[in-house]
Every structure is written in C-alpha cells, then in structure tokens.
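Step one of this worksheet: look at the structure below.
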Amino acid sequence: MSLNVDIAIVGAGPTGLCLAKSLADSGLSILLIERASEASLSNPAFDGRQIALSHDSARLMQELSLWEHINPHDISQLRNARVFNGSSLLSLDIDHRFINQNELGYLVANHLIRKAAYDVATASKSIQLKTEAQIASIITGTHDVKVTLTSGEVIQTKLLVGADSRFSETRRAMGIAADMHDFGKTMMVCEIEHDLAHQHTAWEWFDYGQTLALLPMNGLKSSVVITLPPREISSLICMPEADFNHEISERFKHRLGAMRLASTRHAYPLVTVFAKRLINQRFALVGDAAVGMHPVTAHGFNFGLKGITTLSAEIKAAQVAGKDIADYSLLLRYEKAHRRHTKPLFLATHAIAKLYNNYGMPARLLRIGAIQLASRITPFRHAIAGLIA
Ligand SMILES: Cc1cc2nc3c(=O)[nH]c(=O)nc-3n(C[C@H](O)[C@H](O)[C@H](O)COP(=O)(O)OP(=O)(O)OC[C@H]3O[C@@H](n4cnc5c(N)ncnc54)[C@H](O)[C@@H]3O)c2cc1C
C-alpha cells in the first residue's frame, strides 16, 4: 500500500501536532506518523509536567484554537519569579511589572496541552494520523522522500519533518549529529498541596546538592520539580506518602508550610540536545528533536512553538507562490532563524546549570556574587523578565 502526501511529520507530540494544525488551512495534505497508540494521544495520561508558557506561546495557542480547548481553571498565572542560592534568603526577583503585563506567563499541564493539540489537529480534514507506526527506512530524492513503515506501507512526501523527541530516531536516520549533554541527574515532578499561599510566584532554588523549583498552580497547590542524582530520585519516588510529605516539607524548609503529595510522581533524565543541523535535503527538525532544552529556564515547548511559526510561515509563503515547499534555500532560512532564536539561551542555560551544580569554593563565591549582582541591576532583571515572557 502506498500513500502520497505533501508533508509527513514523524511524532504527534505537542510540537508535531501544533505544526500540523498551523499548516491545516494551507491547502497542503499532512500526515502525522506516531509510534504510540491512538488512545494514548486522544486521552494523554498526566505526566507531572506543568509547562510555563510565554505570552507569545499563549498567543500562538490561541491562533491555533488550542487555548479554547483548555479549561480556564487549568490555566494558572505566573506573576513573578524568585531565584535563591543555597541557604541565603537573598533572592533575584523577576516581577511581571518589568514587562508591563499582568503576568510573566502562564502554566498549563503538559497532558492538557497534548489533548488540546490532538483535538484541534484531528478535527482538520487535511490532517491524517497514523498511530502505532514504526519507520523502517527513509530514502531522500531530488523531488520527494520515500518513507517505508515496518508494516510495509510506503509514504511518498515532498517534505519530511522530525518531531520525534530529543532522542529522535529520524534525526539519526537522516545522518544528523547532535550535541547531547547528560547532566547525570534526574528530575522528579509532581503536584503538591501546601498550607501557605504562593502568590503565583515561581521559585528556582539552587541549593547545594539539589535544585528545587516550585511552579504556582491555582489554589494552594504547586508543581514541584526536584533535581537530584538518579538513585536519590528513585528513593523519593518509592517513598511512602507520609514519609514523602515530611521529606518534601523539610527540603523546602517549610517556606510554604506543610506540603502534601497531590498527584503521581514522575521522573525525567536530565539530558539536553542541540542538533548540529536542523535540516537536510527535504527534511527539517522541530521541537525537542531540534533543540532539547534544560527545563530550568522553561523554554523547551516555547522554542518548539517559535520554530513551527518560522517553518510554517516559510512553507505557506512557498505554497502561495507556487514554489517547492521543501526548497533547500527555504529550509536554510528556517535553520538560520531557529538557531538564532534558540542558541544564545541554550548556551546561557547550560552555563547557569553547570555553575549551580558546582559546589566547589570558587563556584560557591561566584554563585553568591552572581545573585547579589543580578538582584541589584534593574536592567538585568528587566532583561530576564523579557526572556521569560
Ligand atoms: C520536567 C520537565 C519540565 C518542562 N517544563 C517546561 C516548561 O515549563 N516550559 C516549556 O516550554 N517546556 C518545558 N519542558 C519541555 C517540553 O515538555 C518539551 O519541549 C515538549 O514536550 C517537546 O515536545 P515535542 O513534541 O517536541 O516532543 P515530545 O513531547 O517528546 O513528543 C515526541 C512524540 O514523538 C513520538 N515519537 C518518538 N519517537 C518516534 C518514532 N521513532 N516514530 C514515531 N513517533 C515517535 C512520541 O511518542 C511523542 O508522541 C519541560 C520538560 C520536562 C521534562
């Protein structure tokens, strides 16, 4: 059996689905190839992640009709952010007023974004979805790409897009290398109820031996992110609930009173990725497959949305002009723009993560100095607010 489409996207995660939706009205036929089951896409399970969304991302999600598929009660305001170092009470405070907005951004659970993206993409007639599909081979030619699935089905397409996670097999199959960094740490995420109000302020706390983050949800509830060596995370995940509640309240030094587990606990290995090339002949990488960020600056999905805005604008312009939608110069423009948007923050995030994971004396002094200096320089705090938002 064979199928002919204009664009085939490997991976129906949030980025792949949003790219498909952004091209839905362009007159192009789109196929999403996903290895997971239809049931796991149509009703994604809670995965612990609360995604901090910038104003630009929220705007794009409105344009793509995702926003209206998310219950307003499930959207939490991110008004301010505070960064702490060690046991010091001095913090770097980022205020929403720096950017003349009511908030720095919003928080929405990842599984709700995935559900909204699935609902809007599958409602479109120009988008087809093939689930439980595995790619056996990819052959790129001058005029098209031939993708053969393990079922034997052949898909012929003008443009192939890899949106299949930071461990992208499509990226490898297309011969694109990537800079990967394994921090040797694991992040545990879960929801927590607490006694004191968070005032819709996010915390990033670079302690010695652990990194803690707290993302404010509606009510007396937060999403907690703890970064530790994998063995310590395993023990936290297996810990009986009462012990866990005690442990977590201690780790947060009771700053929000007593804390209680309010969801399942989830672990993610801390591995970042930056693909050496974002394109190849009739091929482009998007989302985490292109740039897999360190979650500390909460930009992974925001960058994914930025990338698809750039790529889909190029594709739509070519389509309107009757030109090849996978022309190499078009793909090159996407690569350049997306690299420019992402590389500086990717490198800065790495530098911050490395500094705040270093407990030696020179780094300790530098860490204290950096927070003291940054908290006093107002333009610097304004710049950070602009980056978050
Ligand atoms: C703890 C944590 C917190 C985060 N917080 C934030 C935040 O606050 N803000 C933010 O912007 N980002 C955040 N992120 C990042 C964000 O979650 C990711 O950037 C986003 O999920 C990436 O979406 P994606 O569609 O590119 O990839 P994924 O979500 O990984 O989806 C990839 C899809 O491809 C499919 N797939 C994989 N391989 C294949 C294959 N070979 N064939 C077919 N299908 C395949 C998968 O099944 C999946 O459906 C966070 C990440 C983590 C881990």
**Complete:** In debye to the nearest 20, the charge dipole size for the chain, taken about the Cα centre with +1 at each Lys and Arg Cβ and -1 at each Asp and Glu Cβ, equals 1120
**Item:** Mean residue ellipticity (222 nm) of the chain, computed from DSSP H runs ≥ 4 via -39,500 (n - 2.57), nearest 500
**Value:** -11000 deg cm²/dmol
**Fill in**
For the chain, the longest principal axis of the Cα atoms and the Cα long axis of helix 378-388 enclose an angle in degrees, to the nearest 10, of 40
**Prompt:** If you take the charge dipole of the chain about its Cα centre, with +1 on Lys and Arg Cβ and -1 on Asp and Glu Cβ, which of P229, A12, T342 is farthest toward its positive end?
**Reply:** T342
**Message:** Quick check: convex hull over the Cα atoms of region 235-277, volume per residue in Å³, rounded to an integer?
**Reply:** 123
**Item:** Accessible area of the chain divided out per residue, in Å², using a probe of 1.4 angstrom
**Value:** 44
**Distance between modelled label sites at D195 and I237, nm, 7 Å Cα→Cβ extension** = 3.1
**Item:** Amide hydrogen neighbours beyond the local backbone of M217, cut-off 5 Å, H modeled
**Value:** S222, S223
**Fill in**
Going through K21/K158; K185/K253; K276/K316; K21/K316 one by one, the pairs whose alpha carbons sit over 24 Å apart turn out to be K276/K316
**Fill in**
Scalar couplings 3J(HN,Hα) for region 125-133 by Karplus 6.51 cos²θ - 1.76 cosθ + 1.60 (θ = phi - 60°), nearest whole Hz, x for Gly and Pro, are 5, 7, 10, 10, 10, 10, 9, 6, 10
**Fill in**
Taking a ≥ b ≥ c as the square roots of the Cα gyration tensor eigenvalues, with a/c under 1.5 meaning rounded and otherwise prolate when a/b beats b/c or oblate if not, region 92-143 comes out prolate
**Message:** Apply the Karplus curve 6.51 cos²θ - 1.76 cosθ + 1.60, θ = phi - 60°, to the phi angles in region 54-71 and return the couplings in whole Hz, x for Gly and Pro.
**Reply:** 6, 4, 4, 5, 4, 4, 5, 5, 5, 4, 7, 6, 6, 4, 6, 8, 10, 4
**Prompt:** Considering only the other residues whose Cβ falls under 13 Å of the Cβ of D47, what net charge follows from Lys and Arg at +1 and Asp and Glu at -1?
**Reply:** +3
**Item:** Rounded, prolate or oblate (a/c below 1.5 giving rounded, otherwise prolate when a/b exceeds b/c) for region 1-75 by Cα gyration tensor
**Value:** oblate
**Request:** Sequence neighbours fewer than 8 away in the same chain don't count; with that in mind, list the aspartates and glutamates whose C-alpha is under 14 Å from K306.
**Result:** D56, E63, D288, E314, E335
**Item:** Fraction of accessible area attributable to carbon and sulfur, region 1-116 (%, probe 1.4 Å)
**Value:** 45
**Complete:** If one compares the long axis through the Cα atoms of helix 241-251 with the longest principal axis of the Cα atoms of the chain, the angle in degrees, nearest 10, works out at 70
**Request:** Just the Kirkwood number for the chain, please: inverse of mean 1/r across all distinct Cα pairs, in Å, one decimal.
**Result:** 21.9
**Request:** Once you have a ≥ b ≥ c as the square roots of the Cα gyration tensor eigenvalues for region 44-153, tell me rounded if a/c is under 1.5, and otherwise prolate or oblate according to whether a/b is larger than b/c.
**Result:** prolate
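The values are calculated or read from the model by the stated rules, or taken from the named source; none is laboratory data. Just so it is clear, the structure is predicted and the values come from calculations on it, not from any experiment. Using ideal geometry, Cβ is built from the backbone for each residue, glycine included, and neighbour counts are taken over all protein chains shown. Areas reflect the complete protein model, heavy atoms only, side chains present, ligands, DNA and RNA absent. Shrake-Rupley method; radii C 1.70, N 1.55, O 1.52, S 1.80 Å.
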